[in-house]
Amino acid sequence: MADTKHGLSDRDVEAIAEATGGEVLDAPKLSDAAVAPWEGLLADVPDAEGGSYEQILARIGEAESVADLDAPWSAGDFEQFEGKQLVVRGIRKMPSDYAGGLQYFIIADCVEKASGEARAVTTGAIGIVAQLVKAHALGAFPWTVVPIGSKRANQYGRRVFHLENVR
C-alpha cells in the first residue's frame with residue numbers, strides 16, 4: 001500500500017519504516033525552480049517504453065555472451081553494486097510516481113566490469129539521476145563509475161548514493 005500523504009511507493013515506505021523504526025518522515029520536495037533546468041535535459045533522454053517486445057528483442061540481439069541473455073529481465077538499483085565498477089552504456093527514462101521529485105526515474109544499461117554481465121540498473125535518486133542525465137547530455141557514454149553510499153542514513157532513512165567517476 002503506497003503512502004499517498006508522502007507520495008511514496010510501497011518499496012520506499014517499507015525501506016523507510018525499517019530504517020526509522022516505523023516512522024515515515026516528510027519526503028523532500030523540489031521547487032519548480034530547481035527542476036526547471038533539468039526538464040530540457042530529461043526530454044532528450046529516450047523513453048524506456050517499459051517491457052515492449054521490440055526492446056526485449058533488441059537487448060537479446062545485443063547479447064555478447066550467455067550471461068547477457070538475462071539482461072532484459074534483470075534490474076537492480078545502484079545500491080546493490082556499491083563499490084563495484086559499472087560501465088554505463090546508455091540510459092532511458094520512465095515516468096515516476098514519486099511526488100515532489102523529478103518527473104522520471106532512470107534505467108541505466110550497464111555492464112558489471114568484473115563479470116562482464118549486462119545489467120539494467122534503475123534509480124530515482126535525485127543526485128544519481130542528475131549525474132546520469134548530465135552524462136547523457138555530455139555524450140559521456142560509455143562511462144565507468146563506482147556507486148558510493150554514505151556511511152549513515154539521512155533523515156528519510158536512506159543512505160545517499162552518488163556515482164564516482166573511474167579515471
Some residue of the stretch 146-155 being crowded, with 21+ Cβ neighbours inside 10 Å and closer than 30 Å to Gly61 by Cβ: yes
Within the stretch 124-166, tally of residues that are of a type in the set (D, E, K, R) and either assigned to a loop (DSSP other than H, G, I, E, B) or at pLDDT 95 or above (or both): 3
Flag for Ile107 being within 17 Å of Val45 (Cβ to Cβ) and either more than 14 Å from the chain's Cα centre (by Cα) or assigned to a strand (DSSP E or B) (or both): yes
Lone qualifier among Val133, Val121 - being under 15 Å from the mean Cα position of the chain (by Cα), within 27 Å of Ala33 (Cα to Cα) and surrounded by 15 or more Cβ atoms within 10 Å (Cβ to Cβ): Val133
Test: residue in the stretch 126-142 that is closer than 12 Å to Leu86 by Cβ and either touching a residue at least 60 places away in the same chain (Cβ under 8 Å) or of a type in the set (S, T, N, Q) (or both): no
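One line per residue, one yes/no per condition, for (1) under 26 Å from Gly157 (Cα atoms); (2) at pLDDT 85 or above:
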| residue | (1), (2) |
| --- | --- |
| Asp32 | yes, no |
| Val66 | no, no |
| Gly76 | yes, no |
| Leu86 | yes, yes |
| Lys93 | yes, yes |
| Asp97 | yes, no |
| Ala108 | yes, yes |
| Gly116 | no, yes |
| Thr122 | yes, yes |
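The values are calculated or read from the model by the stated rules, or taken from the named source; none is laboratory data. The shown structure was predicted, so the numbers you read here are calculated from the model rather than taken from an experiment. Ideal geometry is used to build each Cβ from the backbone, glycine not excepted, and the neighbour counts take in all protein chains shown.
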